[in-house]
1. With each label point set 7 Å from Cα along the Cα-Cβ vector, what nm distance links ARG23 and ASN2?
2. Can you list the HN-Hα couplings for the stretch 422-439, worked out from phi with the Karplus curve (6.51, -1.76, 1.60; θ = phi - 60°), rounded to whole Hz and with x for Gly and Pro?
3. Tell me the GluC sites (Glu not before Pro) within the stretch 25-72 that lie in a loop according to DSSP and have at most 14 other beta-carbon atoms within 10 Å.
4. For the stretch 387-479, compute the orientation-averaged projected area of the C-alpha convex hull (one quarter of its surface), in nm².
5. Normalised by the residues of the stretch 259-446, what does the relative contact order come to in percent, with Cα pairs under 8 Å and at least six apart?
6. Take the residue pairs LYS226/LYS455; LYS33/LYS165; LYS351/LYS455 and return only those whose Cα atoms are more than 24 Å apart.
7. If amide hydrogens are placed 1.01 Å from N in the peptide plane, which non-local residues have theirs closer than 5 Å to the one on ASP5?
8. In whole angstrom, how far apart do the alpha carbon centroids of the stretch 95-160 and the stretch 288-359 sit?
Amino acid sequence: MNTLDYDYLYINGEWSAPSTPERIDVIGAATGKRVGSVPSSAHREVDYAVESAQRAFNDPEGWAAWSPTRRAAGLDALATALEAHASDIAYSVTVQNGMPINLARQLETGMPVATLRYFAGLIREQGDDNRRGYLGGDVRVLRQPIGVVAAIVPWNFPQTLAFTKLAPALAAGCTVVLKPSPETVLDSMVLARAITESGLPPGVVNIVPGGRSLGEYLVAHPGVDKVAFTGSTDTGRAIASVCGQLLRPVSLELGGRSAAIVLDDANMTDHLESFFGAALLNNGQCCYATTRVLAPESRYDEIVEQLTSFVSTLTVGDPLSPDTQVGPLTTARQRDRFESYLSMGIADGGKLTTGGSRPADLPEGWFVTPAVMADVNNSSRIAQEEVFGPVVTITSYSDENEAVRLANESNYGLGGTVWTADLDRGLAVARRVRTGTIGINGYIPDPAIPFGGVKDSGASREFGPEGLAAYTHLQSVHL
Ligand code: NAD
């Protein structure tokens, strides 16, 4: 296999040689071998990227000053340029993080394009906000762009998550410095090509590949006006405390361990495909995955049996094959984490009914067979902590009140599902679950609908008009 190696960094609308010889090697999830590399950014590149973003933002005729209609055309042009690179983006994502290629094609190119077009449409529609003061007088409330945004994203959906920030930030008139995760930097170089081709002005989007310490430097950089972060709860806390000291606005989209409440009238046979999408997408490395199944005592054995036989038939294999449903975990560290949670689950009384081993026919990379663990105590670590791998745990409950109580007995509150034959009953249960998003008989995020968490899952919303508002501040002009 040819490796994907890049020699230049994309800052200020051009490709330039890095200031140091340091490189980031990317190890393929399915092979355990180097699949490509990019130059690592140094502090000097971050300084240059932030200055470029500031210059682009402050240009009196630049991006922030463009009319919403003109900016919307810029977003549409970027969407079109991304579509032209769809297969390169999907391929890059899959060879890096092991996402099944069908999913990479659908989500990692489809979702960014849809998100750009959604926000382009939103700013085209937004009119002036003229108000009458309570004490009299006319006031125009302006939504002003916040400024330079530092966007920091993880490796599980590198493009989709970059665009949950880029699209609304650009739509609002902000400029961006994007720091991708070191595990998935190759797709960000394809993104840079699309940005160049889209004709966005120099400095509007700048990309600085790097790891944790570069992220720390960027978060605290004096030229940054807002931080938009997706990643783990621990990192979110660290970033939030820096931003708290600086009084710098910050969006936090963090971890989860979401419940799937199966009500006693649910016919899971009809919903197995949707269940897969909500619980096991991307090899179980999905922040909102609803992998904590709560099953009614009256039908417990049947549900354990159904989920076990479904999960045991999933096709595990080469993520580049369109037949693969479950690819490898992204890193050796993720596989160790998955295996250690399974061991803890068993030690705490859980029963592994399928999976959880390393497939003998896939000796390279970080493959595991998707697992189901029954009889899991909701207070055990495997139920309470984020595993971030393909394992469904099953816990029984006696009645609906207990199901809701168990769903809410979690520090997290990001996703969730309720499975039922009765929509009204599902809605009544859903509204009692303390979570930012919840689906009935399935869940798929949508660029028009607010997404985000409560409790340790974060303190913000992306997507929808609320996602745009996160990149603006209100200025009231009394006329
Ligand atoms: P992570 O927190 O380790 O890293 C995320 C990003 O932050 C990376 O780019 C990393 O380089 C950078 N980073 C790490 N420490 C930093 C610091 N101190 N300052 C600035 N930047 C720093 O997370 P991860 O392991 O890459 O991703 C998995 C996590 O992301 C899971 O917890 C998952 O639930 C979460 N996630 C959340 C959502 C959501 O929308 N809520 C979506 C996807 C993933």
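1. My value for the distance between the label points is 1.6 nm.
2. 10, 4, 5, 5, x, 5, 4, 6, 4, 5, 8, 8, 7, 8, x, 9, 8, x
3. GLU61
4. Hull-based average projected area comes out at 8.8 nm².
5. Reported as a whole number, the value is 29 percent.
6. LYS33/LYS165; LYS351/LYS455
7. The answer is SER37.
8. 34 Å
The values are calculated or read from the model by the stated rules, or taken from the named source; none is laboratory data. Everything quoted here is computed from the prediction, not taken from an experiment. Glycine gets a Cβ as well: all are built from the backbone with ideal geometry, and neighbour counts include every protein chain shown. Surface areas here come from the heavy atoms of the whole protein model, side chains and all, with no ligands, DNA or RNA. Shrake-Rupley method; radii C 1.70, N 1.55, O 1.52, S 1.80 Å.
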